[in-house]
Amino acid sequence: MLPVRRLEALDWLALGLLAAGGLCVAVGWLPADAAGAVLGRVLPLLVFLAAVIVLAELTARAEVFDVLAVHLARLARGRYAVLFLLCVLFASLTTAVLNLDTTAVLLTPVMLATARKLDLEVVPFAMTTVWLANTASLLLPASNLTNLLAMDRLGLTPGEFGQVMLWPQVASVAATAVCLWLLYWRSASPAGGRFPLPAAHRPSDPFLFYTALIAVVLFVVGVLVGIPLEIAALACAVVLVAAFALRSRRHLRVHLIPWRLLVLVPGLFLVMGALGAQGLTQLVHGLVNSGQGLSGLLHAAATGAGLSNAINNLPAYVTGEAAVPADDRTRLLAVLIGTNAGPIITPWASLATLLWYERCQSAGVTVSLRKLVSHGAIAAVAATTAAVLALSLAN
């Protein structure tokens, strides 16, 4: 059993949401068949979440991220500003080409290891990952599940979708980079703007290192070729668990399973389903379709971002999409921008943000919730506004 005294605020939130979701079903606010459909959609997500976190945790134990951190630092040649730009580029490309959840799980440990290898402040590196995991997820259909939903609704090919979202993506990333530098990186710069190059890192167990590296590469390849995320993550996690069972069984502990996420996600979706059934969709319809021109697009994006931070971006996008008229493509894309670039204020705003928060806690990195919210609000407004302006100018 979990010791009650060790439960944190987010633990209680997760348990409370699941209880609230169950209550909604029990009192009829969410019909049983609708609840079953919600849980059926959530099950693949839960498999993915559990498997990918086990994969990331054991990959960290195998010291793969330490080796990658050294290579990243050496590529910057001791220049802090160059390291910042490399981190922004690395996170943006990982998010765009793979997806935001992969960035949150696999890139977060690399960023944290880089900071520690160079004896730099950890939080700027952590914030770079979580912000760009969301704000850089506009470009390609695979970058974010919401993009796939929007592409299907709009009838666009992947190439056409990329063309439409190219400049919003550039604007969103640029605005995020400015916020990261001003709010975190500039004040953490070492004397003279330079850092000493780290020594090469040699993993203590080469067998586990190479097995983990291969597992991660296979996961990335699986994502690129279109294998469902939950299948790719589960297969690679099983391989790595087997390797650790042979070489280092002490690292295979129950705490590897992210119980909080596995409780929080179904709770979120059940509560959201109940709110939708009780009239939330009609309320969102009025908010999304308020105003015309640029102000209307900004209003639609703000609604998507606000709803995402309140409940989670996946149900927020589905709700926003249902509220947009079928022929209003630009307004739908504004909602998409809000639900992609905006979920960086609350820890539960997107699955990527949840995954990132879990990775930080596992690594012993404490991010102030007050700063997460206040600074996240600044970055969310900047990135969302910049992307919507770019969308408006391009249309």
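Quick notes on this structure:
- Search result, residues across the range 242-264 that are of a type in the set (Lys, Arg) and surrounded by fewer than 19 Cβ atoms within 10 Å (Cβ to Cβ): Arg247, Arg249, Arg250, Arg253
- Residue match in the range 353-368 (condition: surrounded by fewer than 18 Cβ atoms within 10 Å (Cβ to Cβ), on the phi > 0 side of the Ramachandran plot and not in a helix (DSSP H, G or I)): yes
- Qualifying residue in the range 371-379 (condition: crowded, with 23+ Cβ neighbours inside 10 Å and touching a residue at least 24 places away in the same chain (Cβ under 8 Å)): yes
- Within the range 39-81, the set of residues being more than 30 Å from Val241 (Cα to Cα) and either assigned to a helix (DSSP H, G or I) or charged (D, E, K, R) (or both) comprises Arg74, Leu75, Arg77, Arg79, Tyr80, Ala81.
- Of all residues in the range 112-150, those satisfying the criterion of being among the β-branched types (Val, Ile, Thr) and modelled with pLDDT under 90 are Thr114, Thr146.
- Hey, Leu149 farther than 22 Å from Asn312 by Cα and part of a helix (DSSP H, G or I) or not: no
Here is a yes/no grid of residues against (1) of a type in the set (Gly, Ala, Ser); (2) part of a helix (DSSP H, G or I); (3) in contact with a strand residue (DSSP E or B) (Cβ under 9 Å, 6 or more places away or on another chain):
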site	(1), (2), (3)
Ser290	yes, no, no
Ala302	yes, yes, no
Val318	no, yes, no
Ile378	no, yes, no
Ala383	yes, yes, no
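- If you check Asn134, Asn147 for being under 25 Å from Ala60 (Cβ atoms) and in contact with a Pro (Cβ under 6 Å, 6 or more places away or on another chain), only one passes: Asn134.
- In the range 313-349, the residues that are of a type in the set (S, T, N, Q) and either surrounded by fewer than 24 Cβ atoms within 10 Å (Cβ to Cβ) or free of Cβ contacts under 8 Å to residues at least 40 places away in the same chain (or both): Thr330, Thr346
The values are calculated or read from the model by the stated rules, or taken from the named source; none is laboratory data. Here the structure is a predicted model, which is why all the values come from computation and not from measurement. A quick note on method: Cβ atoms are made from the backbone with ideal geometry, for glycine too, and the neighbour counts reach across all protein chains shown.
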